[in-house]
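Here the structure is laid out as structure tokens; the discussion comes afterwards.
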Amino acid sequence: MSGVDVNAPTLGSFVMRNTKDPELVILMNAIALSCKQIATAVKRAGIAKLYGLAGEQNSTGDDQKMLDVMSNEIMINALRNSGVCSVLVSEEDEDPIIVPEADNGKYCVAFDPLDGSSNIDCNVSVGTIFGVYEKEPGSKGTTADILRAGDDMICAGYCVYSSAVELVFSFKGGAAYCFCLDPNIGEFVSTRLMKLPDGGGKTIYSCNEGNSKHWDQPIKDTIEYFKTTPKPYTARYVGSMVADVHRTLLYGGIFIYPADKKSPKGKLRILYEGFPMAMLIEQSGGIASTGLFKGKVGRVMDVIPEDIHDRCPIIMGGARDVKIVYDMYKKAG
Ligand code: AHG
Ligand code: MN
Ligand code: MN
Ligand code: MN
């Protein structure tokens with residue numbers, strides 16, 4: 001068939017072949033099912049009158065959109081019904097969801113059901129983010145199973161709802177894979193390996209510069225450097241982390257949501273935004289740092305979240321660009 005690779009692996013067969021873990025196949029199929037359902041809801045939002053606010057705030061103070069609430073229900077149902085999950089943490093639920101013992105399994109999943117709320121109503125790219133842990137041996141499934149360092153995750157990924165629906169994930173091992181939803185067959189099909197181009201032709205910085213007056217001096221100096229170096233960087237900022245990180249993985253550059261005077265921990269949430277994206281950036285060859293946080297400049301993956309909705313600053317992208325931030329911190333002493 002012209003233009004169709006009839007041998008391209010679909011998600012389930014790929015996960016089975018690469019991990020030989022049937023429970024992980026079930027988990028990834030549940031996540032893929034959620035992503036297909038959310039993609040459909042996003043696509044039909046205008047028609048189904050799903051734009052706009054739901055009228056509540058979530059525990060991190062965001063005004064929930066109707067699509068945030070619906071995406072959350074989709075994810076919870078799919079993961080609970082999968083029979084392989086014990087603990088679910090969602091941006092949209094104040095408390096963790098503990099799956100009853102009769103239906104539970106070895107995985108604990110943290111997720112941002114719909115990332116990019118501010119872009120929902122104007123039809124700009126949004127996404128879903130997830131990070132997966134295995135329960136501690138002997139545990140029935142408690143919050144402690146998921147309040148762990150990013151390095152303890154066994155898998156992480158995101159799905160971007162844009163002109164195409166792409167699911168990107170990693171099981172560590174130095175690789176991150178991209179699968180594209182083929183609308184003709186309703187399956188995610190393997191399309192490309194994510195490899196963050198570092199030090200190549202394109203130089204992009206991505207941040208909400210409207211916050212710059214609250215930043216610390218090294219971050220201000222970094223952005224000034226990007227703009228005034230002999231070959232100035234290009235600015236790109238979608239305002240959906242999924243889209244900004246997806247572009248960074250494919251085109252290179254740096255994505256920054258730093259700590260600032262107003263938000264000493266930054267804005268992005270560790271378990272369902274920071275950790276999964278940090279894992280994908282690292283597995284694709286980049287660096288994911290917190291910048292100066294709790295007295296040191298360290299990896300995002302080393303942070304231990306204090307509560308399930310805890311936040312941390314994010315500075316992630318190609319090594320060349322993240323090292324410029326490090327240099328600025330060094331200069332500042
Ligand atoms: P969410 O829509 O899941 O609450 O996440 C919003 C996050 C993230 O997607 C993005 O990187 C960031 O908020 C944008 O924040 P600003 O609007 O402050 O730039
Ligand atoms: Mn939100
Ligand atoms: Mn988000
Ligand atoms: Mn969200």
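The values are calculated or read from the model by the stated rules, or taken from the named source; none is laboratory data. Keep in mind that what you see is a predicted model, and the values were worked out from it rather than measured. Virtual Cβ from ideal backbone geometry, glycine too; neighbours counted across all protein chains shown.
When each of 144, 164 is tested for being among the hydrophobic types (A, V, I, L, M, F, W, C) and either touching a residue at least 12 places away in the same chain (Cβ under 8 Å) or crowded, with 17+ Cβ neighbours inside 10 Å (or both), the lone residue that passes is 164. Within segment 173-193, residues that are free of Cβ contacts under 8 Å to residues at least 24 places away in the same chain reach partners that are in a loop (DSSP other than H, G, I, E, B) and crowded, with 17+ Cβ neighbours inside 10 Å with beta carbons closer than 7 Å, at six or more positions or on different chains, in the pairs 178/194. The set of residues in segment 98-121 that are within 16 Å of ligand 4 (Cβ to nearest atom) and not aromatic (Phe, Trp, Tyr) comprises 109, 110, 112, 113, 114, 115, 116, 117, 118, 119, 120, 121. Candidates are the residues of segment 97-138 that are under 17 Å from residue 267 (Cα atoms) and modelled with pLDDT under 95; the one that is nearest to ligand 3 (Cβ to nearest atom) is 117.
Note on segment 64-106: among residues that are closer than 24 Å to residue 125 by Cα and among the acidic types (Asp, Glu), the one that is nearest to ligand 1 (Cβ to nearest atom) is 91. For residue 140, indicate whether it is closer than 29 Å to residue 319 by Cβ, in a loop (DSSP other than H, G, I, E, B) and out of contact with any Leu (no Cβ under 7 Å at 6 or more places or on another chain). For residue 140, the condition - closer than 29 Å to residue 319 by Cβ, in a loop (DSSP other than H, G, I, E, B) and out of contact with any Leu (no Cβ under 7 Å at 6 or more places or on another chain) - is not met.
Residue-wise test of (1) surrounded by 18 or more Cβ atoms within 10 Å (Cβ to Cβ); (2) free of Cβ contacts under 8 Å to residues at least 60 places away in the same chain; (3) within 17 Å of residue 123 (Cα to Cα).
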position	(1), (2), (3)
16	no, yes, no
23	no, no, no
28	yes, no, no
34	yes, no, no
40	no, yes, yes
49	no, yes, yes
53	no, yes, yes
62	no, yes, no
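Taking segment 283-320 as the range and being part of a helix (DSSP H, G or I) and farther than 22 Å from residue 218 by Cβ as the test, only 283 passes. Flag: residue 244 matches the condition of being crowded, with 20+ Cβ neighbours inside 10 Å, within 18 Å of the chain's Cα centre (by Cα), under 18 Å from residue 289 (Cα atoms) and of a type in the set (D, E, K, R).
Results for (1) surrounded by 14 or more Cβ atoms within 10 Å (Cβ to Cβ); (2) of a type outside the set (Phe, Trp, Tyr), shown as yes or no for each residue.
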position: 183; (1), (2): no, yes
position: 199; (1), (2): no, yes
position: 219; (1), (2): yes, yes
position: 226; (1), (2): yes, no
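So that you can scan it fast, the table gives a plain yes or no per residue for (1) under 23 Å from the mean Cα position of the chain (by Cα); (2) polar (S, T, N, Q); (3) farther than 20 Å from residue 80 by Cβ:
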| position | (1), (2), (3) |
| --- | --- |
| 14 | yes, no, yes |
| 22 | no, no, no |
| 26 | yes, no, no |
| 35 | yes, no, no |
| 38 | yes, no, no |
| 42 | yes, no, yes |
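Report, by residue number, each residue of segment 201-226 that is more than 24 Å from the chain's Cα centre (by Cα) and outside any helix (DSSP H, G or I). Within segment 201-226, 201, 216 meet the criteria.
Applying the condition of being surrounded by 24 or more Cβ atoms within 10 Å (Cβ to Cβ) and not polar (S, T, N, Q) to segment 247-262 and asking which residue is farthest from residue 212 (Cα to Cα) yields 249.
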